[in-house]
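Structure first, commentary second.
The values are calculated or read from the model by the stated rules, or taken from the named source; none is laboratory data. What you are looking at is a predicted structure, and each value in this text was computed from that prediction instead of being measured. All Cβ positions, glycine included, derive from the backbone under ideal geometry; neighbour counts span all protein chains shown. Accessible surface areas use protein heavy atoms only, side chains included; no ligands, DNA or RNA. Shrake-Rupley method; radii C 1.70, N 1.55, O 1.52, S 1.80 Å.
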Amino acid sequence: MELRHLRYFTAVVKWNGYREASRRLHIAQPAISQTVRDLEEELGLQLFSRAKRVAQLTPGGELFYAEALRTLAQAEAAINTAKRAAKGEIGQLAIGFLGSATYAFLPELVRKYKGQFPGVRLTLQELTPLQQEVAFDKADIDIGFTRVLTAEQSKAFSSRCLYRDPMMAVLPRSRRIETKRVRIADLAKESFVLFHREGSPLLFDTITGTCAKAGFSPRVECEPNLMQTVLSLVEAEQGVAIVPACVRNLRSDGVRFFRLQPDDVRVELVAAWKKENQSVVLRAFLDLLDANAGWIRKKAEPS
């Protein structure tokens, strides 16, 4: 049974006859009559009484008419749902993100996205780059805001750079330093507090590599698993730190941030997703990222 049969049948009932149904539907009357006869034959049931010129439902036809209306309503809802899904207007999207690296733009980006796609169920998880790898493997996230991918990861993932962040030295506010920049070489004798390598190997190796270029290997005393803890330990005078500039978004009243000299090292924040993920919802989110690329870079720029 085709939906066309039900539409023609219910139109005859709604407009009290074949002639008016034909006029409203812009379908030839014989075609509507034949379709209704085909429907009756398929059902083995007479839907209209032929005793009068008016299309009057039989008792069986009245029961079928109620069910036909329900079926058409359900079909229309299903069609609308499919159309909305094809446009990325409904569904779900799971996002993994680095907290300090996204605080400047992610809340507003989410508001913009939900404003355009209120029917999408959005979930966010704050995860380190390593945790995002695990989440991708478990299909727990669709897209991640993370650090630049390795060559091996790039085989399975697509990515785009959102912005490039300079590195900054973090020292206790108790230190009386008048300059706005700190020479990396001047930190050679300091104890260091670095975000743990397991959480972000790229960041850890970038920092130690920067120190090596300045002629020393940093004496790492602590490797906290939270960037906020890095700042707290520096405030407690347990060492100094080198962090991406975005870490200034965290609460840090007891520390000061200094641009490095030389200031030639950058770490990228990228959006990454699996190449095999063909979700329309994901594509719509990526389109939003593209449309707001300049705004994101501006929001993330160090002041």
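Listed values, structure above:
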read-out	value
Candidate residues Phe145, Phe117: accessible-area rank, largest first, probe 1.4 Å	Phe117, Phe145
Accessible surface ranking that places the most exposed of His5, His26 first, with a 1.4 angstrom probe	His26, His5
Percent carbon-and-sulfur accessible area, the chain, ignoring ligands, DNA and RNA, probe 1.4 Å	50 percent
Cut-off 18 Å (backbone N to label point 7 Å along Cα→Cβ of Arg266), residues of region 144-166	146-150, 159-166
Region 197-288: radius of gyration over Cα atoms, expressed as a fraction of 2.2 N^0.38 Å	1.38
DSSP beta bridges in the chain [antiparallel fraction, %, rounded to 5]	55 percent
Size of charge dipole - region 170-303 - debye, nearest 20, with Cβ of Lys, Arg +1 and Asp, Glu -1, no other charges	360 debye
Cβ-placed point charges (K, R +1; D, E -1), dipole of the chain about Cα centre in debye, nearest 20	1140 debye
In Å², nearest 10: area of Leu93 left accessible to a 1.4 Å probe	0 Å²
Accessible surface of Cys161 - all protein chains present, 1.4 Å probe, nearest 10 Å²	60 Å²
Euclidean distance of C-alpha centroids, region 1-58 and region 119-158, integer Å	55 Å
Set of aspartates and glutamates with alpha-carbon distance to Lys275 below 15 Å, sequence-local pairs under 8 removed	Glu133, Asp137, Asp142, Glu152
Above-threshold pairs, the threshold being 21 Å between Cα atoms, out of Lys83/Lys138; Lys189/Lys213; Lys155/Lys298; Lys155/Lys299; Lys112/Lys298; Lys138/Lys299	Lys83/Lys138; Lys155/Lys298; Lys155/Lys299; Lys138/Lys299
Selected from Thr123, Leu233, Leu187, residue furthest toward positive end of dipole (the chain; charges at beta carbon)	Thr123
Within straight-line cross-link reach of Lys114, aspartates and glutamates at Cα separation under 15 Å, skipping those fewer than 8 residues along the same chain	Glu89, Asp287
Per-residue HN-Hα couplings for region 19-33 [Karplus 6.51, -1.76, 1.60; θ = phi - 60°; Hz; x = Gly/Pro]	4, 5, 4, 4, 5, 6, 8, 6, 10, 4, 4, x, 5, 5, 4
Estimated FRET transfer efficiency when R0 is 45 angstrom, pair Thr179-Asp290 (beta carbons, to 0.05)	0.70
Linear extension gain, Glu2 paired with Trp15, 0.36 nm per residue minus alpha-carbon span	2.6 nm
Along each principal axis, Cα extent of region 1-76, largest first, Å	30, 27, 19
Accessible area per residue, Å², region 44-199 with all protein chains present, probe 1.4 Å	56 Å²
Angle in degrees between helix 280-291 and the longest Cα principal axis of the chain, rounded to the nearest 10	50 degrees
The chain: angle of helix 106-116 to the longest principal axis, Cα-based, in degrees nearest 10	10 degrees
